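Beneath this line is the structure, given in structure tokens, with notes to follow.
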Amino acid sequence: MASAFDVPTGLPDNQASAGPGSSPRRWWVLAVIGLAQLMIMLDATIVNIALPSVQADIGFSDNDRQWIVTAYALTFGSLLLIGGRIADLFGRKGAFLAGLVGFAVASVVGGAATSFEVLVAARALQGLFSALLAPAALALLTTTFTDAKERARAFAIFGAIAGAGGALGNLLGGVLTEYLDWRWTLYINVGLAAAALVGGALLLQQQRQTERPKLDLPGAALVTLGLFALVYGFSNAESKGWSSPATWGFLVGGVVLLACFVRRQAVTGSPLLPLRILIDRDRGASLVALLITTGGMYAVALFLAYYMQQTLQYTPIETGLSFLPIPVSLVAASGIATGVLMPRYGPRVVVPLGMLLLTAGMVWFTALELDSSYAGGILPPLLVLGFGLGLIYAPAIDLATYRVAEDDAGVASAAVNTTQQVGGSLGIAVLNTLAAGAAAAYLSDHGTTPTALAEAGLHSYSTAYWWAAGFTAVGFVLTLILYRPGARTPDPDAPKAVEL
């Protein structure tokens, strides 16, 4: 029976041993790529739990705290398409290694920061090098594993790392903040990057296009500025209001720039993002799923971390340990999704089911009170969220790069990462703005007594959870409509495996 992710090597059965399917090195390559991906995903959330300590140490306002998270996701998401194309044109191994070195340097700068401005700049620099590293890593994975069964297994592992990395970042951030210092949430990347750098230098083979078309610099400028304007506009809404030109002006400008980018990709001879990559229904549905899922989860993780530390008075390590059920249930669900459900039912059943679970978990979080217990109030929805993420991430990431030509593997991988990071940036910006507005309105009606301040914080978190639940409910409808029914069939035109 064919797997849901059958991508044949294009070789006869008696020749299949010539590719990476017979070489043990392919699994070491997966380990190196997985380590790099883990580092990238850890840094999306590892500073969340450290934020109260960072704020007390170097000093910045509650309105500014989102930029410690958003600066990373914003530069990451807005530069990914450029990074993916650079990896395609000039070599994925070189892009992978350069991204690791730059990420490590940026982490050292951030860890040593003594001012808010330097820390934000370092986080932005981390995002820049992640934009080079992440698409190269996923492209290397895509072109290394083309055997049907091994591809499903490899993407289940990669999807579990991508989904669990954020939750593990919360755990690791809590441990490092409590037992060492918040600065070690950044310094730790040096060790991770060094290990991946050595492994990548020894194991990876250079991959690049045989012909090098020109890099679409005007297109790169349009998409980078457009994404930045969109996220910055939503972020401005918290401090300046929705009626401010600094808010709606950036939002309108971002939409116009992105529309111009799409137009240019349709007419230029060397597009940064070939529109043929986005035409496939399954790929489009997968990108939508990743955009909505990551946006909701980034924001919920941030609010939940503040709720546990500021409302329930958890220590950083207690907060970090509290998130552990997410990666545990996510890994279990990823194995079920790729090994059992996808081959039988396909993504039209599996991914929308994951969206429903995310919606249920977020609605459940709205019932939290000022004195909720962990076992009765926080743990159950965390398990539901983790299981829902496991049903979404591995299938969506695999299908987003399914049947992509080898020359487009880097930019297709960049599109996957772009949707995740832009989703995270937008999710944090939008939900943080809505939560801040809800808190201000509550205080306006109830005064600023200590009890009112505590209730206002709880009300703001609940508002964010409700909106996040609404987003994932929309994701359920969209994925149910967009995904084609049934399991996926083999593609006779799939590219041959890459020799290792």
Just name the residue that is modelled with the lowest pLDDT out of those in the range 148-183 that are surrounded by fewer than 23 Cβ atoms within 10 Å (Cβ to Cβ) and among the charged types (D, E, K, R). LYS149
Restricting to the range 343-368, and then to whatever is at pLDDT below 90 and more than 15 Å from ALA285 (Cα to Cα), can you tell me which residue is most open to solvent (accessible area, probe 1.4 Å)? ARG344
When the residues of the range 441-456 are filtered to those that are open to solvent by 20 Å² or more (accessible area, probe 1.4 Å) and touching a residue at least 12 places away in the same chain (Cβ under 8 Å), which remaining residue is farthest from LEU358 (Cα to Cα)? LEU443
Scan the range 301-312 and tell me whether some residue there is crowded, with 24+ Cβ neighbours inside 10 Å and either under 24 Å from LEU399 (Cβ atoms) or among the polar types (S, T, N, Q) (or both). no
For residues in the range 226-280 being in a helix (DSSP H, G or I) and aromatic (Phe, Trp, Tyr), which is farthest from ILE82 (Cα to Cα)? TRP248
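ARG276 - would you say it is within 21 Å of the chain's Cα centre (by Cα), charged (D, E, K, R) and closer than 30 Å to VAL349 by Cα?
Numbers: within 21 Å of the chain's Cα centre (by Cα): no; charged (D, E, K, R): yes; closer than 30 Å to VAL349 by Cα: yes.
It is false that ARG276 is within 21 Å of the chain's Cα centre (by Cα), charged (D, E, K, R) and closer than 30 Å to VAL349 by Cα.
With GLY249, GLY269, GLY226, GLY233 as the choices, which residue is open to solvent by less than 70 Å² (accessible area, probe 1.4 Å), out of contact with any Leu (no Cβ under 9 Å at 6 or more places or on another chain) and among the small types (Gly, Ala, Ser)?
Numbers: GLY269 fails: open to solvent by less than 70 Å² (accessible area, probe 1.4 Å); GLY226 fails: out of contact with any Leu (no Cβ under 9 Å at 6 or more places or on another chain); GLY233 fails: out of contact with any Leu (no Cβ under 9 Å at 6 or more places or on another chain).
Sole residue among the options that is open to solvent by less than 70 Å² (accessible area, probe 1.4 Å), out of contact with any Leu (no Cβ under 9 Å at 6 or more places or on another chain) and among the small types (Gly, Ala, Ser): GLY249.
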If we ask which residues in the range 396-412 are in contact with a helix residue (DSSP H, G or I) (Cβ under 7 Å, 6 or more places away or on another chain) and at pLDDT below 70, their number turns out to be 7
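I'm checking my understanding of the structure. Among residues of the range 378-392 that are open to solvent by less than 10 Å² (accessible area, probe 1.4 Å) and in contact with a Phe, Trp or Tyr (Cβ under 9 Å, 6 or more places away or on another chain), which one is farthest from THR472 (Cα to Cα)?
Kept after step one, since they are open to solvent by less than 10 Å² (accessible area, probe 1.4 Å), are these residues of the range 378-392: 378, 381-382, 385-386, 388-392.
From what is left, the residues that are in contact with a Phe, Trp or Tyr (Cβ under 9 Å, 6 or more places away or on another chain) are 378, 381-382, 385.
Values: ILE378: 19, PRO381: 15, LEU382: 15, LEU385: 11 Å.
The qualifying residue farthest from THR472 (Cα to Cα) is ILE378.
Take GLY284 and tell me if it is on the phi > 0 side of the Ramachandran plot and at pLDDT below 90.
no
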Touching a helix residue (DSSP H, G or I) at 6+ places or on another chain (Cβ under 8 Å), at pLDDT 85 or above, open to solvent by 20 Å² or more (accessible area, probe 1.4 Å) and over 25 Å from ILE40 (Cβ atoms), is that true of VAL340? no
Count of residues meeting criterion [modelled with pLDDT under 85 and either closer than 21 Å to ILE157 by Cβ or of a type in the set (Gly, Ala, Ser) (or both)] in the range 302-325: 4
How many residues are of a type outside the set (Phe, Trp, Tyr), more than 20 Å from the chain's Cα centre (by Cα) and surrounded by 18 or more Cβ atoms within 10 Å (Cβ to Cβ) when one looks only at the range 95-122? 6
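The values are calculated or read from the model by the stated rules, or taken from the named source; none is laboratory data. Because the structure is predicted, anything quoted here is derived from the model rather than measured. With ideal geometry, Cβ positions are generated from the backbone for all residues, glycine too; neighbour counts draw on all protein chains shown. Just the protein is used for accessible areas: all its heavy atoms, side chains included, with ligands, DNA and RNA removed. Shrake-Rupley method; radii C 1.70, N 1.55, O 1.52, S 1.80 Å.
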